[in-house]
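One structure below.
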Amino acid sequence: MEIPVFIVDAFTNVPFKGNPAAVCPLLHELQDDMYQKIAAEMNLSETAFIIRLNSKDDFSSGARFRLRWFSPTTEVPLCGHATLASAAVLFYKKKNVNATVVFETLSGELYVQQQGESIVMDFPLNKPTPLDLNEFKDIVNAAVGDQPVQEVCLCGTTKKLMVRLADTCDRSVLTSLQPDPAVLLHVNTGGRVRGLIVTMIGAPGCQPGYDFYSRNFSPWFGIPEDPVTGSAHTVLAGYWSEKLGKKKMLAYQCSSRGGELELELRDDGRLNIAGQAVTVLQGILTV
């Protein structure tokens, strides 16, 4: 069996930046173990599978597809950069004619559309809840050591723990963090944490005017650090919107690859995440 495969760098307009995802458009479903084997072979933070729902549709004319995301070790419930990459394959490579495409996913229906040079994704908003720092002091210490922490929040929906560094910290403090994935996995959180976000206030007065910075660690999904994470920003957007009093924000994820996300909280309680994407590889997977 031959399966088309694309590798797309998401949340960037420059090759080899942003977050790479593999995207496989499929005419029909595969066995679950095959999805996982392909994702392990691709060995990227996520591999996305776009699955045709109607046999009369093709990838150029269809307006609704199933979308599944797999890390190298497991299926994941929500993934921003691989959704952006999938939309880029449909719009740019398959020349999909629809203004809006709908993905049916484990997180419900996700709408994507082109807007200028960007792709806008309609995502859920997952606002975190503030916690007592002592409740998760071991994992916070494993993440940031003795750096000053301003606030700790948990999103129960996504199981992402968000640690905000003190405003006195320079951006270099965030970029220099090197948490040990094995130590993070060893800390007992009672199953309440499956992802770690470290964030800090940005510098909106300096060009290009980032409102906040972040990094994202997901060893629970076999991903020591995710370069640019849309799902993490469903948590970050709700938090920083309240703190900054803004509904439109520009965010930067400070991994070694780096990536930029445009965020807009909508009146219906959902979140628009916009970004660019670049296809760097196209080929055939033989299985």
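Structure notes:
- Total residues in segment 211-229, condition in contact with a Ser or Thr (Cβ under 8 Å, 6 or more places away or on another chain) and among the acidic types (Asp, Glu): 2
- When segment 215-259 is limited to residues that are over 16 Å from Leu271 (Cα atoms), charged (D, E, K, R) and outside any strand (DSSP E or B), the one that is most open to solvent (accessible area, probe 1.4 Å) turns out to be Lys243.
- All of (1) under 25 Å from Thr199 (Cβ atoms); (2) surrounded by 22 or more Cβ atoms within 10 Å (Cβ to Cβ); (3) without any contact (Cβ under 8 Å) to a residue 40 or more places away in the chain hold for His81 with one exception: (3).
- Which listed residue is touching a residue at least 40 places away in the same chain (Cβ under 8 Å), closer than 16 Å to Ile197 by Cβ and in contact with a Gly (Cβ under 8 Å, 6 or more places away or on another chain), from Ala232, Ala237: Ala232
- Strands (runs of 3 or more DSSP E) wholly inside segment 1-102 containing at least 2 residues that are among the small types (Gly, Ala, Ser): 19-26
- Set side by side, the residues Glu46, Glu41, Glu75, Glu29 differ, and just one is in contact with a Cys (Cβ under 6 Å, 6 or more places away or on another chain) and either surrounded by 13 or more Cβ atoms within 10 Å (Cβ to Cβ) or of a type in the set (Val, Ile, Thr) (or both), which is Glu46.
For every residue, the table says whether it meets (1) more than 25 Å from His233 (Cβ to Cβ); (2) aromatic (Phe, Trp, Tyr); (3) assigned by the TED database to the domain that holds Val101.
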| position | (1), (2), (3) |
| --- | --- |
| Phe16 | no, yes, yes |
| Cys24 | no, no, yes |
| Lys37 | yes, no, yes |
| Pro77 | no, no, yes |
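The values are calculated or read from the model by the stated rules, or taken from the named source; none is laboratory data. Only a predicted model underlies this, so the values are computations on that prediction, with no experimental measurement involved. All Cβ positions, even for glycine, are placed from backbone atoms using ideal geometry, and neighbour counts span all protein chains on display. Heads up: the accessible areas ignore ligands, DNA and RNA and are worked out on the full protein's heavy atoms, side chains in. Shrake-Rupley method; radii C 1.70, N 1.55, O 1.52, S 1.80 Å.
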